[in-house]
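**Student:** Got a structure for you, questions after.
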Ligand code: PEP
Ligand code: MG
């Protein structure tokens, strides 16, 4: 299997009927970056900046953060990198941060909620990102946006920092794009203007699935109980894509599901044209996409959604027929 993936390394991730899907990697360490070129991915769809914070005994200084972001961009050699601002709390706990004891940390003080309540840290990270990028394009994405006002408040911090650094004489990018992760069902119902105002969206399927079905992603008893390819969830995702498409806003999917062949084909079938996944999954997903007709996958998924049935058996059969399982 590995050999057949290597063979298509330089080929596009394109279905038999010509639909192109951009495949990106998820990363979080500088040592992840060579994978980008090794697997022939289009860019980094999710750079988890909290990894630098989680792997040290103390808070990294601004200069350390900026140095890392600069080196990540060096390693990307011009390929796009989407930096996600600190996503801590819930399952990601900083040893040196005092935090309240919470009964439901997944629903608690985490991610952008921490960033907005402690704007000092978010500002520092914005400065580090802008300084690390210098004149190069910069993509910044906020985790766990549940209300559109949170996006606007966080974006203001980044754009104000950008303006201030420029006024102080720093070389700053003229290509700054600011986006949001869609990880809570609430954001799917944000206003039309929100969908137009974000520069891009990325569906965080790990969290979105857990909140959609109210099933803890870390609880072995329930985490596999609800299928990513169930009709209700696929229908929900399809509606989100329709809203992004109507607004002309690029949308990608960056949860673990994107790295599995059946899921990737179904996600492409409902309209995702960008998927971000762990590097080791790129070959498998590209092979699967190249083996199928998007039109056929779309019929399967549309029928499943309409009939309330899981799309998995038919997608699986299609991939098996194509020799891509
Ligand atoms: C997600 O929730 O799908 C996601 C990509 O973010 P994380 O897994 O880091 O929460
Ligand atoms: Mg998440």
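No lab work stands behind these numbers, since they all come straight from the coordinates. None of these values were measured; they are calculated from a predicted model. Using ideal geometry, Cβ is built from the backbone for each residue, glycine included, and neighbour counts are taken over all protein chains shown.
**Student:** How fast does the chain diffuse by Stokes-Einstein, in µm²/s, taking the Kirkwood radius from C-alpha pairs at 10 °C and 1.306 mPa s?
**Tutor:** Translational diffusion coefficient: 78 µm²/s.
**Student:** Same structure, new question: What percent do you get for the relative contact order of region 47-132 when only Cα pairs under 8 Å and 6+ apart count?
**Tutor:** 43
**Student:** Could you give P(r) for region 17-130, binned at 10 Å from zero, as whole percent values over all Cα-Cα pairs?
**Tutor:** Taking all Cα pairs of region 17-130, the binned fractions are 13, 41, 30, 13, 3, 0 percent.
**Student:** Does anyone have the angle between helix 282-291 and the longest principal axis of the chain? Alpha-carbon axes, 0 to 90°, nearest 10?
**Tutor:** 40
**Student:** May I pose another question? I need the per residue convex hull volume for region 146-226, using only the alpha carbons, in cubic angstrom as a whole number.
**Tutor:** 111
**Student:** To the nearest 500 deg cm²/dmol, what mean residue ellipticity at 222 nm is calculated for the chain from DSSP H runs of n ≥ 4 alone, each contributing -39,500 (n - 2.57), summed and divided by the residues?
**Tutor:** -13500 deg cm²/dmol
**Student:** Between the alpha-carbon centers of region 254-273 and region 189-210, tell me the distance in whole angstrom.
**Tutor:** Taking the Cα centre of region 189-210 as reference, the centre of region 254-273 is 17 Å away.
**Student:** Moving to a separate point now. PRE reach from residue 59 (point 7 Å along Cα→Cβ): which of region 112-151 fall under 14 Å by backbone N?
**Tutor:** 114-128, by backbone N distance to the label point.
**Student:** Give me the three principal axis extents of region 252-325 from the C-alpha atoms, as integers in angstrom, largest value leading.
**Tutor:** Each principal axis gives a Cα extent; for region 252-325 these are 34, 25, 17 Å.
**Student:** Between residue 104 and residue 280, what length in nm is gained on full extension when 0.36 nm per residue of separation is reduced by their alpha carbon distance?
**Tutor:** Stretched fully, the residue 104-residue 280 segment lengthens by 60.1 nm.
**Student:** Given labels modelled 7 Å from the Cα in the Cβ direction, how far is it in nm from residue 193 to residue 8?
**Tutor:** 4.5
**Student:** Now for a different question. Could you check the simple spin-label distance between residue 77 and residue 295, using points 7 Å along Cα→Cβ, in nm with one decimal?
**Tutor:** About 3.8 nm, to one decimal.
**Student:** Note down the relative contact order for the chain as a percent, whole number, built from C-alpha pairs under 8 angstrom at least six residues apart.
**Tutor:** Worked out over the chain, it gives 20 percent.
**Student:** Another question, if that's okay. Quick one: helix 119-133 against the long Cα principal axis of the chain, what's the angle to the nearest 10°, folded into 0 to 90?
**Tutor:** Here the helix axis deviates by roughly 80 degrees.
**Student:** Then there's this: May I ask what percent, to the nearest 5, of DSSP beta bridges between residues of the chain are antiparallel?
**Tutor:** Antiparallel bridges make up about 5 percent of those DSSP assigns within the chain.
**Student:** Kirkwood Rh over Cα pairs of region 171-325 into Stokes-Einstein at 20 °C, 1.002 mPa s: D in µm²/s?
**Tutor:** This corresponds to a translational diffusion coefficient of 133 µm²/s.
**Student:** A further question follows. Where does helix 62-76 land angle-wise versus the long Cα axis of the chain, in degrees 0 to 90, nearest 10?
**Tutor:** Roughly 40 degrees between the two axes.
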